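K.L.:
Here it is, the structure, as C-alpha cells.
The numbers here are math on the coordinates, done by the rules we state, and not lab data. Model, not experiment: these values are computed from the prediction.
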Amino acid sequence: MGLRDKYAHAIQTAKGKFQGNAEERDGKLHWNGYVASEAEKAEIWTAIKTVPGYQNEITGDIQVRPPAGGGGKTYTVKAGDTLSKIAKSELGDANAYMKIFEANRDQLSDPDKIKPGQVLKIG
C-alpha cells in the first residue's frame, strides 16, 4: 500500500478545497498547494493526523490564499435567490455555492439561510 492509499481519507477531505498536489516521492507524501481559509487548512491537517506516524511520512506546505475577489465583487441577495442560483449566475456553476458560503461565513451560518438585501462576497 502506497502513501496515497494510506492517506486516502486526507486526500478525499482535501478534494474541492486544496489547490495543489500530494505527491509521493522519497518515501514521503509531499503536500504542496493552497486553500481558501484557515478552517480548510485545519480540516486537511486534522485528516492527515488521524494516521499514526504521519510525522515521519508527511511534509506539507499548505498555504492560505483567500479567493481572489478581483476588486471585491459582491452580489445583493434578491427574493427567491439561493446560493446555488447565485453561484450559477455569478460563477457559472451551481455547485460552487459553498465557495460563496465560505467567503461569507462572517454573516452566514447556514448555506440555506440567506435573506434579501444581504450583500455577499463572490469568490
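K.L.:
Whole-Hz ³J(HN,Hα) for each residue in region 74-83, computed from phi via Karplus 6.51 cos²θ - 1.76 cosθ + 1.60 with θ = phi - 60°, x for glycine and proline: what do you get?
P.N.:
Values per residue, Gly and Pro as x: 10, 9, 9, 5, 10, 4, x, 6, 10, 4 Hz.
K.L.:
To the nearest µm²/s, what D does Stokes-Einstein give for the chain at 20 °C and 1.002 mPa s, using the Kirkwood radius over alpha carbon pairs as Rh?
P.N.:
Working: Rh = 16.0 Å.
Estimated via Stokes-Einstein, D reaches 134 µm²/s.
K.L.:
Determine the calculated [θ] at 222 nm for the chain from helices alone, applying -39500 (n - 2.57) to every DSSP H run no shorter than 4 residues and normalising by the residue count; nearest 500 deg cm²/dmol.
P.N.:
Values: 6 runs with 42 residues, N = 123.
So the calculated ellipticity at 222 nm is -8500 deg cm²/dmol.
K.L.:
Sticking with this one: What percent do you get for the relative contact order of region 3-64 when only Cα pairs under 8 Å and 6+ apart count? If you can, show how the numbers build up before the last one.
P.N.:
On the way: 84 pairs, mean separation 23.6, N = 62.
Relative contact order of region 3-64: 38 percent.
K.L.:
Can you flag which of K28/K99; K85/K121; K17/K121; K78/K113; K17/K115; K41/K88 are past 24 Å Cα-Cα? Let's see the in-between values first.
P.N.:
Details: K28/K99 31 Å; K85/K121 15 Å; K17/K121 18 Å; K78/K113 13 Å; K17/K115 26 Å; K41/K88 26 Å.
Over 24 Å Cα-Cα: K28/K99; K17/K115; K41/K88.
K.L.:
Computed over the Cα atoms of region 3-43, what is the convex hull's projected area averaged over all directions, in nm²?
P.N.:
With the hull built on Cα positions only, its mean projection is 2.8 nm².
K.L.:
Subtracting the Cα-Cα distance from 0.36 nm times the residue separation, let me have the gained length for D5 to D106 in nm, one decimal. Can you show the working numbers first?
P.N.:
Working: separation 101, 0.36 × 101 = 36.36 nm, distance 3.59 nm.
Roughly 32.8 nm would be gained on extension.
K.L.:
In Å, what is the Rg of the alpha-carbon atoms in region 74-121, and how long is Dmax?
P.N.:
9.3, 24
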